[in-house]
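The block underneath contains the structure these notes are about, expressed in structure tokens.
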Amino acid sequence: MAPYDHPHQPPTTASLFTKGGGGEIDDGAPEEEHLLLHQNGEQQQQRLQCDNYSVLAAILPFLFPAFGGLLYGYDIGATSSATISIQSPSLSGISWYDLSSVEVGLITSGSLYGALAGSVLAFNVADFLGRRRELIFSSLLYLLGALVTALAPNFVVLVIGRLVYGIGIGLAMHAAPMYIAETAPSQIRGRLISLKEFFIVMGMLFGYVVGSLLVEAISGWRYMYGVSIPLALIMAIGMWWLPASPRWILLRAIQGKGKLHDLREIAISSLCWLRGRAIGDSASQQVDEILSELSQLSEEKEATIAEMFQGKCLKALSIGAGLVLFQQITGQPSVLYYAATIFETAGFSAASDATTASIYLALLKLIMTAVAVLVIDRVGRRPLLLGGVSGMVISLFLLGSYYTFLDDVPAVAVVGLLLYVGCYQLSFGPIGWLMISEIFPLRSRGRGLSIAVLVNFGANALVTFAFSPLEDLVGAGVVFFIFGGIAVLSVIFIFFVVPETKGLTLEEIEAKLL
């Protein structure tokens, strides 16, 4: 891959930091102070020049990794209708449609178990494969899993297909945020990683729509799962076309896994590809700066398992894993299960069907995620997290109150449900994935993110399977109050533990915040 022919850099604007046309400063401050201000201004100007990028060139390295999130969301949406289709005596098109509740549960959660396995696999192979090859591998697993599921001749093969697809989910949810974080310009890194959550929700909405269109077709469930095949092909071709992450390439160089000169040249070519012509002649300078920062931070070896629980790695793990744990144990997998019931009791007869209610909620999630994407790099991570999770606290106590003593006021439940969904998509939804992709030091990023993803899917499985027994034991109202109490703890955790990473490079996050 040949580097671009670079245009000349724009002239510096050092005069912005002086008064008068001659560059003299006459405001009475000490000369050393003005010299420091001038130097800081020049450094800031150099950084801004290094961070120049082409919008088109920046979008493409985001788009194809984001297909991993789209396919994950699509599976959630499509499965809700596929389980209805596959149990229909007249529409399933199979002789083994009479499935038990356990078998339906295996179809529904099979991809979740696969995602857990994929997270464990990512822990061991991610740094060896690199972000790009891991995403190529995950797209092939998506393709194989969708193909096996759509053509399954019996229940066992169907579950195997769901597991294979789920392994693809685990790898994609691990590698996509890393690749986007390491290739995105720092000015729009938060926006692009948050857009991945937008793609997950968009995939969910797409799955609900496809499911509602095909739910009455003969063997409709096969077509629902088959829709993933062309999407997985697009992802595979796109990731094959994209370059490897420059930071991962330089990490390999520092670890002695290749000739420094050769890997440096590859990293420069990769950075030119990712930024487009707008980067000018600064690609070489930026690569050298990353190399220098990595060397100063002693990024010499891949972090061992023991080191993941020490020093900077432990602090980053506490922040990242803590966020995705609270993301799940505040009730996210469970609240939506009550959506159809809440809409029905509120008198929305058109929304009493679960598929229609899901489409409405997915639309709301999509809109609120879009709002988060637009403001995240201006407002910052902490304000959105604190505000959004505080709103979730209110919504969970409203839902608890409805199911405990306000069951004759269904508007309370509707407001609580909509407030929960909206606030979640402003906070935990996009920012959880964003923070875990930013916070880990480079040498521990692969293993750290795999632990965080494992915590995410493990907590999801725990909440999903514990909800029904808890509901039977203490009632839905008490369960929502418990979730509300946990949400209060999560606000405290965010306030005291989670730092602000807005506008910082990945190397600056490690140097200043860990």
Revision key, fill the gap. Residue hits (region 189-199; open to solvent by 10 Å² or more (accessible area, probe 1.4 Å) and either free of Cβ contacts under 8 Å to residues at least 60 places away in the same chain or touching a Gly at 6+ places or on another chain (Cβ under 8 Å) (or both)) are E197, F199
Exercise for review: Evaluate region 470-486: report whether one residue or more is under 16 Å from V389 (Cβ atoms) and open to solvent by less than 10 Å² (accessible area, probe 1.4 Å).
Suggested key: yes
Exercise for review: Can you confirm whether region 85-102 contains a residue that is buried (at least 18 other Cβ atoms within 10 Å of the Cβ) and either assigned to a helix (DSSP H, G or I) or within 20 Å of the chain's Cα centre (by Cα) (or both)?
Suggested key: yes
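Quick check: anything in region 432-445 open to solvent by 20 Å² or more (accessible area, probe 1.4 Å) and touching a residue at least 12 places away in the same chain (Cβ under 8 Å)? Give the steps one after another, and end with the answer.
To start, the set of residues in region 432-445 that are open to solvent by 20 Å² or more (accessible area, probe 1.4 Å) comprises 443.
So of that shortlist, the ones also touching a residue at least 12 places away in the same chain (Cβ under 8 Å) come out as 443.
For region 432-445, residues open to solvent by 20 Å² or more (accessible area, probe 1.4 Å) and touching a residue at least 12 places away in the same chain (Cβ under 8 Å): present.
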Revision key, fill the gap. For region 201-255 the number of residues that are under 21 Å from the mean Cα position of the chain (by Cα), β-branched (V, I, T), at pLDDT below 90 and surrounded by fewer than 24 Cβ atoms within 10 Å (Cβ to Cβ) is 0
Review point. Would a scan of region 215-230 turn up a residue that is touching a Ser or Thr at 6+ places or on another chain (Cβ under 9 Å) and free of Cβ contacts under 8 Å to residues at least 12 places away in the same chain?
Key: no
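Take I160 and tell me if it is out of contact with any strand residue (DSSP E or B) (no Cβ under 9 Å at 6 or more places or on another chain) and in contact (Cβ under 8 Å) with a residue 24 or more places away in the chain. Show your work before the answer.
Working: out of contact with any strand residue (DSSP E or B) (no Cβ under 9 Å at 6 or more places or on another chain): yes; in contact (Cβ under 8 Å) with a residue 24 or more places away in the chain: no.
Criteria not met by I160.
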Practice item. May I ask you to list the residues in region 52-73 that are under 28 Å from Y208 (Cβ atoms), at pLDDT below 90 and open to solvent by less than 30 Å² (accessible area, probe 1.4 Å)? Key: F62
Review point. Say we look at region 137-188 and pick out the residues that are more than 21 Å from S219 (Cα to Cα) and among the aromatic types (F, W, Y); which of these is surrounded by the most Cβ atoms within 10 Å (Cβ to Cβ)?
Key: Y179
Practice item. Could you please find all residues in region 259-275 being without any contact (Cβ under 8 Å) to a residue 24 or more places away in the chain and open to solvent by 40 Å² or more (accessible area, probe 1.4 Å)? Key: K259, L260, H261, D262, E265, I266
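The values are calculated or read from the model by the stated rules, or taken from the named source; none is laboratory data. All figures in this text were calculated on a predicted structure; none of them were measured in a lab. Here the Cβ is made from the backbone with ideal geometry for all residues, glycine too, and neighbour counts use every protein chain on show. Note: accessible area is taken over every heavy atom of the protein model, side chains too, but ligands, DNA and RNA are not part of it. Shrake-Rupley method; radii C 1.70, N 1.55, O 1.52, S 1.80 Å.
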